Amino acid sequence: MKAEEGRTRRVAREDLVQFVNACFACTRQDEFYSDVHGQAVSIRFLHEYILGNYRRLYARVLAVGINHFNQAQIVFNLLGSGRDTPADFRAEENALIRACLRGLPPQRVLRLFARLRRERVNNRRTRATIRDYLAGRPDPAFDAVKYRAKVNAAAAHAHLDLEDELRAFVFRRGQPAAYQNPLLDAYRRAHYSQQALYELPYTVAEGLAQKHGVPRATFLAKIEPRLTQAERLRLQQAQARSGGRLEVDLTRAPLTKLALYLLSRPHAEREARRAEFADALHAAAGRALNKAPARLGRVAAVLDRSYSSSGSSAKRRRPLGVALAASALLRRASNEYREFWTLPCEDALLVEPRGATNLADPLLEALAWEPELVVIVSDGFENDPPGAAARLLDAFRARIDPEHRVSVVHVNPVFDADDYEPRTLGPELPTVGVRDAEDLPTLLGFARFVDGSAPLAELEAYLAARARAFVGEGA
């Protein structure tokens, strides 16, 4: 019986680790080696399997920092199966759902509510969740203007009684000649006044500007003060093509988004602004570490810049961007740091996807430097030659480091739909999935569960502790 129980707990730990890894990496989008359909089937199966077998732990996974897509998927599944929630866990599950929704971008939450309506999930807890979320928003008028159709759908689905002006605006019933709320009134006036366009959020004003026939360059120049940082990053290249220049505040951009923005710039611009870009990456890494502190010793990074790091049309350059951002974060967090690319790269800010995936050579150089920690950032599709990194590490462990004084972790930004997890480099090398480089401090802590050295009880305690902290932060 004890042997059987031990096997059961080992399988449970492996199931949970696989699921968490998938939830860090998978966003149900095309990847270089797989398409969206395979991604969708694999991640849906994992969610259904873990929900059906480990509901408490499934809900607590919301607290470990997984990506937004999988957070929304977990909330949807929990709300749609509330009758299966154990009575003694209902309060915690509700608290985890509320804390998760507060941390998600509003557009993703409203898409989740639209999906709940579309799939007819309308139990009492779902209606209460929608009601409490909308009631807790800091600026309901802003949400109504920017996400009018989605707020309409959510309010109708939950049978909400909105405040008078908001109800008139959202449902277009008895609309007044003027609104007391300045943003609602600006939207009304923008239908016949071009000047009112520039009092609205960019995404709302954009459609109305086209209706008024406002030239694109003129519109972007005037709406610039209202752009969010994310909108600036997305629009910078488009504005440059139209003959103007949209300034991006590099001091506010998140680390991975900043790395992706830098990789999108021409070589000439990267060379001309090298010092500025390097300082921006360093500062962004510092901001990321302020949110999730990490203090490391002597660290080497093996970074994959092979052609597959160019990503897909849906995730352009993301694997390479994660590698560049991870390098900046590790450099900032370490006492000593060196980076080793799959092809030699004199200046990381000029890096481009090139060649095959040769991890063995840079890994050998990294180990020869005698680090305390080696972090490999790669999609795991090693082909020059296949399996060389794992064989090299096996030999290193057997002949030079049998005590495992050097820790080696593989960080993979790509979900492999065929294996239901990020592709590994070998059975002895722990692999953790990643969406953004900012997650690295969390993932390095989670890696001890991946290599099998930590038992299920420790993983359960870890998830419970993260859930307590997550609910506390949300409150």
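The values are calculated or read from the model by the stated rules, or taken from the named source; none is laboratory data. For clarity, every value in this text was computed on a predicted model and none was experimentally measured. FYI the Cβ positions are ideal-geometry reconstructions off the backbone, even for glycines, and counts take in every protein chain you see. Side chains are part of the model used for accessible areas, which takes the heavy atoms of the whole protein and leaves out ligands, DNA and RNA. Shrake-Rupley method; radii C 1.70, N 1.55, O 1.52, S 1.80 Å.
Report yes if some residue within the stretch 301-310 is open to solvent by 20 Å² or more (accessible area, probe 1.4 Å), outside any helix (DSSP H, G or I) and at pLDDT 90 or above; otherwise report no.
Yes; the residues of the stretch 301-310 include at least one that is open to solvent by 20 Å² or more (accessible area, probe 1.4 Å), outside any helix (DSSP H, G or I) and at pLDDT 90 or above.
Across the stretch 406-418, what is the number of residues that are part of a loop (DSSP other than H, G, I, E, B) and among the acidic types (Asp, Glu)?
Residues meeting the conditions: 1.
How about the stretch 132-157: which of its residues are more than 29 Å from residue 231 (Cα to Cα) and free of Cβ contacts under 8 Å to residues at least 40 places away in the same chain?
If the condition is that a residue be more than 29 Å from residue 231 (Cα to Cα) and free of Cβ contacts under 8 Å to residues at least 40 places away in the same chain, then 156 is the only one that fits.
If you go through the stretch 40-58 one residue at a time, do you hit one that is open to solvent by 20 Å² or more (accessible area, probe 1.4 Å), touching a Phe, Trp or Tyr at 6+ places or on another chain (Cβ under 8 Å) and under 22 Å from residue 442 (Cβ atoms)?
Looking for residues that are open to solvent by 20 Å² or more (accessible area, probe 1.4 Å), touching a Phe, Trp or Tyr at 6+ places or on another chain (Cβ under 8 Å) and under 22 Å from residue 442 (Cβ atoms), one finds at least one in the stretch 40-58, hence yes.
Take the residues of the stretch 431-444 that are out of contact with any Phe, Trp or Tyr (no Cβ under 7 Å at 6 or more places or on another chain) and not aliphatic (A, V, I, L, M): which is modelled with the lowest pLDDT?
442
For the stretch 196-222, what are the residues that are within 23 Å of residue 140 (Cα to Cα) and loosely packed, with under 15 Cβ neighbours inside 10 Å?
Of everything in the stretch 196-222, those that are within 23 Å of residue 140 (Cα to Cα) and loosely packed, with under 15 Cβ neighbours inside 10 Å turn out to be 203, 207.
Conditions: (1) closer than 30 Å to residue 68 by Cα; (2) out of contact with any Asp or Glu (no Cβ under 8 Å at 6 or more places or on another chain); (3) open to solvent by 40 Å² or more (accessible area, probe 1.4 Å). Residue 408 meets all but one. Number of the miss?
(3)
Can you tell me which residue in the stretch 407-430 is nearest to residue 47 (Cα to Cα), limited to those that are at pLDDT 90 or above and aliphatic (A, V, I, L, M)?
411
Within the stretch 214-293, which helices (runs of 4 or more DSSP H) (wholly inside it) include 1 or more residues that are out of contact with any Asp or Glu (no Cβ under 8 Å at 6 or more places or on another chain), modelled with pLDDT under 80 and of a type outside the set (A, V, I, L, M, F, W, C)?
Qualifying helices (runs of 4 or more DSSP H): 229-241.
Select from the stretch 445-469 the residues that are modelled with pLDDT under 85 and assigned to a helix (DSSP H, G or I) and write down the one among them that is farthest from residue 363 (Cα to Cα).
Step by step, filter the stretch 445-469, then rank; the result is 456.
Within the stretch 84-123, which residues are outside any loop (DSSP other than H, G, I, E, B), touching a residue at least 40 places away in the same chain (Cβ under 8 Å) and open to solvent by 50 Å² or more (accessible area, probe 1.4 Å)?
Scanning the stretch 84-123 gives 92, 98, 102, 103, 107, 108, 117.
Tell me which residues, restricted to the stretch 419-431, are assigned to a loop (DSSP other than H, G, I, E, B) and in contact with a helix residue (DSSP H, G or I) (Cβ under 7 Å, 6 or more places away or on another chain).
Matches in the stretch 419-431: 420, 425, 426, 428, 429, 430.
Assess whether residue 15 counts as being within 21 Å of residue 447 (Cβ to Cβ) and surrounded by fewer than 18 Cβ atoms within 10 Å (Cβ to Cβ).
It is true that residue 15 is within 21 Å of residue 447 (Cβ to Cβ) and surrounded by fewer than 18 Cβ atoms within 10 Å (Cβ to Cβ).
A quick yes/no check of all residues on (1) at negative phi; (2) assigned to a helix (DSSP H, G or I):
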{"site": "15", "(1), (2)": "yes, yes"}
{"site": "18", "(1), (2)": "yes, yes"}
{"site": "28", "(1), (2)": "no, no"}
{"site": "32", "(1), (2)": "yes, no"}
{"site": "41", "(1), (2)": "yes, yes"}
{"site": "45", "(1), (2)": "yes, yes"}
{"site": "50", "(1), (2)": "yes, yes"}
{"site": "63", "(1), (2)": "yes, yes"}
{"site": "77", "(1), (2)": "yes, yes"}
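Working carefully through the options 338, 274, find the one that is more than 28 Å from residue 249 (Cβ to Cβ) and open to solvent by 30 Å² or more (accessible area, probe 1.4 Å).
338
Take the stretch 311-334 and flag every residue that is basic (Lys, Arg) and either open to solvent by less than 30 Å² (accessible area, probe 1.4 Å) or touching a residue at least 60 places away in the same chain (Cβ under 8 Å) (or both).
Those that are basic (Lys, Arg) and either open to solvent by less than 30 Å² (accessible area, probe 1.4 Å) or touching a residue at least 60 places away in the same chain (Cβ under 8 Å) (or both): 315, 318.
Residues being open to solvent by 10 Å² or more (accessible area, probe 1.4 Å) and touching a Leu at 6+ places or on another chain (Cβ under 6 Å): count how many of those fall in the stretch 430-441.
Of the residues in the stretch 430-441, 1 are open to solvent by 10 Å² or more (accessible area, probe 1.4 Å) and touching a Leu at 6+ places or on another chain (Cβ under 6 Å).
Could you check how many residues of the stretch 384-405 are part of a loop (DSSP other than H, G, I, E, B) and within 30 Å of residue 311 (Cβ to Cβ)?
4
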